[in-house]
Amino acid sequence: MEQRSINPLLVLAIPVWRQRMVVFSLLCLFAILVLRAAYLQGIQDEFLQQQGEARYERQIEVPAMRGRVLDRNGHILADSSPVASIWADPAKVRQWSHEDLSRLARMLGMSTDELGRRLEKGGRRFTYLRRHLPPDEARPLMSWPQEGVGVVEEYLRFYPQGEAFAQLVGLVDVDGQGIEGLEASLNSSLAGESGKRLVVQDRRGRVVQDSVWVERPRDGRDVVLSLDARIQHIAFRALEQAVARHQARAGGAVVIDVRTGEILALANWPSYNPNRRTGLDLSEVRNRVVTDLYEPGSVMKPLLVALALERGVVKPETPIDIQGGILRVGNHSIRDVHATERALTVSQVIQKSSNVGVAKIALGLDPKDLWRHYRAFGFGTRPDLPLPGVAAGRMLPPDSLKPIEVATMAYGHGISTSLLQLAHAYQAIANDGVMLPLTLMRRDAPPPIDEMRRILSPKTARQVKAMMELVTQPGGTATRAAVNGYRTAGKTGTAHKLENGRYVEKYLASFVGYAPASQPRLVVAVMIDEPKAKSYYGGAVAAPVFAEIVGQVLPSLGVAPDMPGPTVAAAQRPRG
Amino acid sequence: MVETLMRRWFGRRGDRLPPSAPHHVERGPVARFGEFDLPLFWAVTALTLMGLVMVYSASIALADESPATGGRANYFLIRQAVFVLLGAGVAWMTFQVPMRVWQSLTPWLFLLGVVLLILVLLPGIGKVVNGSRRWIPLGPINFQPSEFMKLFVSFYAADYTVRKLRFMASFWRGFLPLAFVVVLVGVLLLLQPDFGAFAVISAIAFGVLFLGGLKLRIFFALILLAGAAFAVLILSSEYRSQRLFAFLDPWADPLGKGYQLTHSLIAFGRGKWFGVGLGGSVEKLLYLPEAHTDFLFAVVGEELGLVGVCAVVALFAVVIWRTFTIGRGLVCVEQYFSGLAVFGIGLWIGVQTFINMGVNVGLLPTKGLTLPFMSYGGSSIIANLAAMAVVLRADWELRCLRRGIQV
């Protein structure tokens, strides 16, 4: 009997061992809890953490900053800026209360009805409510309390130079991928590679914790073009005015640096504003200068004469009987437009653009040699430029050339070419017979020597150049290609257009030339499609555009005038 | 035979009076304020304040998000702080009430509890949350009768045992009347349904009876009976059996029945030894439902790690140890009602803590039980603090008695 007990019966009734056992049991249960927690937190923790990560970690794609497109002087032609787009899950948003919906509509700056329409119009589980907002405006939506809306951060492409570069620089689609122009052809380099970021999200999908980069985005590389924004704008404006003046359908102009092969300007009309892309017309998107083929017409004549000179068949002063401007070849007849004299020298054949003259010279040449000669200038070969749809042009097969085909090829028919290919050919002549590879990228070093090709001997080139300088002088077909202060040279072209295999009364006026004639720096090629008002001749329609471009660009490049005399003073007088 | 074995294991020879307090008491005519069980007081205070911090941490995302809170992140913190202050006030008042008054009030309190449990079932009065009708809305707060019923049952079981001390060997006169009452209350609770409260109240009632010396044979019978009744309850309801077995393999259906438990387990796994840091929980970001109430312990595990878990468990162990020590002291000086009521309260806190934590760590099927002192909930915190005040009052009376002062 224990000494503390007062009533033995009661001590028996309330035994101490039961109390101890209950406490002991409870503490044992607590110990089990601790062991279980230790198992979860010390042994099974990796599995549990993986399960957790699978539930709230997401890899979020981080878009790479798209590279800029710059002109040769660093002017921005295409740039990207961060923007935010707002998406919604219509199925969830429809369950919101009316107040929440109108609050969202207010924040988006639209009426509740319009918000309703947008939710109807989009996909069942995903639709964009607004795209490309400034990031500041989208910020309140990043922490929207209800489930169903979210913000995607993107980059928006902006083209500061607008329509002047529209076809060349091109476009990106709404997801930032290049679809036109250089944006498309250089996409892989410009786009870079998007990165991946591991983030922790709450159950509503909002990012609550930025964690580690899985893969850093590799930003796209900037592209520095050979183009000069100033020259491009000059060319574009001159083209635009000419097309308007002559009520033409379209036009194109290209400016090439004779010494480097760099393309300095590449302008097209009509054009479009690449920053506003609703209702795009395909005819505005086309880069006509490189994609459109046409029969060049008389512009080809200096090339033919060059071959005849090179082979020693004629000399510049060799007289050619032009037979009153009509030459019968088989049952076809070739005519001159302005036949005035009985005989012309080879130089005058070029100056007056005599079809009969060049046809007679051509008939004295080996057709295959002629074919190879044209081929050497790049006709029928795709220019190696990173642009979509660069056209190669077509030539007749060399083995079965009939005399009439040889005769028409002499003045640029029966052959198709782009304006760019013509400009390239003239670059070779202007550069004393050495053709340089063309490029759209700025050349910081001269082109590699093994890519230069001599096509004409220097002597022949100089003889042809002398002839072409006559074209812009009084008595030539393109006196309006003359420029104050600079000697210019070139050749007009006026080609009938082919429609459904027949020549129709529609013309394509062109002028390809270079300046200054004494030491050529620029080749400028101009093409005006279907001029309707007054005159359609290359000398009247395209040559003034050439003069406009050359007259503005050469002084701006600091090229010294090479034509002495009063006209120099006139050119130097400040314009009023 | 079993009893002799138990005696041998748990009752050492030469057992002395258990010490009432680890620190010595000065002699004097009247016990002064502060002369109560300080380890118990500080453990409860620590748990309550820690609960306040964890409720805030666990509820920020929910409060920020929910239209019911007006988007105020500190909504639950402020309410819980008000509840704690109210609870402290109620506890102070409770401390003033002598144990004999509680004893005389016991039948009425118990009746009041039963009436409230009936009231809460009436559709016009009781409020349904998550499919259970457990609350009576009183203006801005919801009153949960079952929380106070746990205290009343502690009193009732103690009073009953004192009255029936002579019949502790009798099944018919000692056990059956209380069993009948427990079944009555149990039916009311299961109608809500609140299986967790039923488990706690059964544990209190039969635990007090066990401590009061009810014949062991009857207890074995009871365990068999309870096991059978439990099996019937579980098997009678598809909902209950599914919830019961879901906890055994929550990964089998992690998006359905296992959703809450898998997220609770993930929270512990993420916490590791030292936790992700206070406020760093991801699970509380709307992944883990009831993070601030029933699954607060999981947030403790995630943010404070095993260290925090051990600290919380240790504090609860202190509460249990001190409560039972006080109860034992009271029984030794023949304060049977006080002693048994204190045992009841100790069983309540111990069992409820174990069930809540067991649910959180996936040892027990999911039950809607709060973690005492810590979980968000006004009725729960007020009832818990009031119960601790009863324990401290009983201890205070014990100290007075030891000095020969009759309270």
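Observations, loosely collected:
- Selection of helices (runs of 4 or more DSSP H) fully inside the stretch A:37-127 by the criterion of at least 2 residues being touching a Gly at 6+ places or on another chain (Cβ under 8 Å) and at negative phi returns A:45-56, A:90-93.
- In the set (1) within 30 Å of the chain's Cα centre (by Cα); (2) open to solvent by 10 Å² or more (accessible area, probe 1.4 Å), the condition left unmet by A:GLN201 is number (1).
Yes/no matrix, rows are residues, columns are (1) within 26 Å of the chain's Cα centre (by Cα); (2) outside any helix (DSSP H, G or I); (3) more than 10 Å from chain A (Cβ to nearest Cβ):
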{"residue": "B:TYR239", "(1), (2), (3)": "yes, no, yes"}
{"residue": "B:PHE245", "(1), (2), (3)": "yes, no, yes"}
{"residue": "B:LEU248", "(1), (2), (3)": "yes, yes, yes"}
{"residue": "B:GLY269", "(1), (2), (3)": "no, no, no"}
{"residue": "B:LEU285", "(1), (2), (3)": "no, yes, no"}
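- Each residue in the stretch A:299-341 was checked for being free of Cβ contacts under 8 Å to residues at least 24 places away in the same chain and open to solvent by less than 40 Å² (accessible area, probe 1.4 Å), and 1 pass.
So that you can scan it fast, the table gives a plain yes or no per residue for (1) within 17 Å of B:THR48 (Cα to Cα); (2) of a type outside the set (Lys, Arg); (3) at pLDDT below 95; (4) in contact with an Asp or Glu (Cβ under 8 Å, 6 or more places away or on another chain):
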position: B:GLY269; (1), (2), (3), (4): no, yes, yes, yes
position: B:GLY275; (1), (2), (3), (4): no, yes, yes, yes
position: B:GLU290; (1), (2), (3), (4): no, yes, yes, no
position: B:PHE297; (1), (2), (3), (4): yes, yes, yes, no
position: B:GLU303; (1), (2), (3), (4): no, yes, yes, no
position: B:ILE326; (1), (2), (3), (4): no, yes, yes, yes
position: B:GLY339; (1), (2), (3), (4): no, yes, yes, no
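- Leading residue by the ranking (modelled with the highest pLDDT) among those in the stretch A:1-20 that are within 8 Å of another protein chain (Cβ to nearest Cβ) and open to solvent by 40 Å² or more (accessible area, probe 1.4 Å): A:ARG20
- Selection within the stretch A:452-495 - surrounded by fewer than 15 Cβ atoms within 10 Å (Cβ to Cβ) and modelled with pLDDT under 90: A:PRO474, A:GLY475
- Filter result (in a strand (DSSP E or B) and open to solvent by 10 Å² or more (accessible area, probe 1.4 Å)) within the stretch A:411-451: A:SER416, A:VAL434, A:THR439, A:MET441
- Some residue of the stretch B:256-267 being within 11 Å of chain A (Cβ to nearest Cβ), open to solvent by 10 Å² or more (accessible area, probe 1.4 Å), out of contact with any Pro (no Cβ under 9 Å at 6 or more places or on another chain) and not β-branched (Val, Ile, Thr): no
- Counted residues, the stretch A:173-187 - those being at pLDDT 90 or above and either among the aliphatic types (A, V, I, L, M) or open to solvent by 40 Å² or more (accessible area, probe 1.4 Å) (or both): 4
- Residue within the stretch B:298-305 that is free of Cβ contacts under 8 Å to residues at least 60 places away in the same chain, among the β-branched types (Val, Ile, Thr) and either open to solvent by less than 10 Å² (accessible area, probe 1.4 Å) or within 10 Å of chain A (Cβ to nearest Cβ) (or both) present: no
- If the condition is being open to solvent by 10 Å² or more (accessible area, probe 1.4 Å) and among the polar types (S, T, N, Q), then the stretch A:149-172 contributes only A:GLN161.
- Filter result (modelled with pLDDT of 90 or more, surrounded by 14 or more Cβ atoms within 10 Å (Cβ to Cβ) and not aliphatic (A, V, I, L, M)) within the stretch B:108-129: B:PHE110, B:GLY113
- Any hit, the stretch B:360-380, residues being under 17 Å from A:ARG36 (Cα atoms), buried (at least 24 other Cβ atoms within 10 Å of the Cβ) and within 11 Å of chain A (Cβ to nearest Cβ): yes
Residues are listed down the side, and each one gets a yes or a no for (1) polar (S, T, N, Q); (2) touching a Gly at 6+ places or on another chain (Cβ under 6 Å); (3) assigned to a loop (DSSP other than H, G, I, E, B):
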| residue | (1), (2), (3) |
| --- | --- |
| A:LYS465 | no, no, no |
| A:GLN473 | yes, no, yes |
| A:GLY490 | no, yes, no |
| A:SER510 | yes, yes, no |
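- Verdict on B:VAL333 being under 30 Å from A:GLN19 (Cα atoms) and either in contact (Cβ under 8 Å) with a residue 24 or more places away in the chain or surrounded by fewer than 20 Cβ atoms within 10 Å (Cβ to Cβ) (or both): yes
Quick grid of which residues meet (1) under 27 Å from A:ASP173 (Cα atoms); (2) acidic (Asp, Glu); (3) in contact (Cβ under 8 Å) with a residue 40 or more places away in the chain; (4) assigned to a helix (DSSP H, G or I):
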site: A:PHE236; (1), (2), (3), (4): yes, no, yes, yes
site: A:ARG259; (1), (2), (3), (4): no, no, yes, no
site: A:ALA267; (1), (2), (3), (4): yes, no, yes, no
site: A:PRO274; (1), (2), (3), (4): yes, no, yes, no
site: A:THR278; (1), (2), (3), (4): yes, no, no, no
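- Search result, residues across the stretch B:49-65 that are surrounded by 21 or more Cβ atoms within 10 Å (Cβ to Cβ) and within 17 Å of B:LEU371 (Cα to Cα): B:GLY51, B:MET54, B:VAL55, B:TYR56, B:SER57, B:ALA58, B:SER59
- Residue that is nearest to B:VAL162 (Cα to Cα), among those in the stretch B:334-348 that are more than 9 Å from chain A (Cβ to nearest Cβ) and not small (Gly, Ala, Ser): B:PHE337
The values are calculated or read from the model by the stated rules, or taken from the named source; none is laboratory data. Keep in mind the model is a prediction, meaning the values are calculated, not measured. Every residue, glycine as well, gets a Cβ built from its backbone with ideal geometry; the counts of neighbours run over all protein chains shown. What goes into the accessible areas is simple: the full protein's heavy atoms, side chains included, and nothing from ligands, DNA or RNA. Shrake-Rupley method; radii C 1.70, N 1.55, O 1.52, S 1.80 Å.
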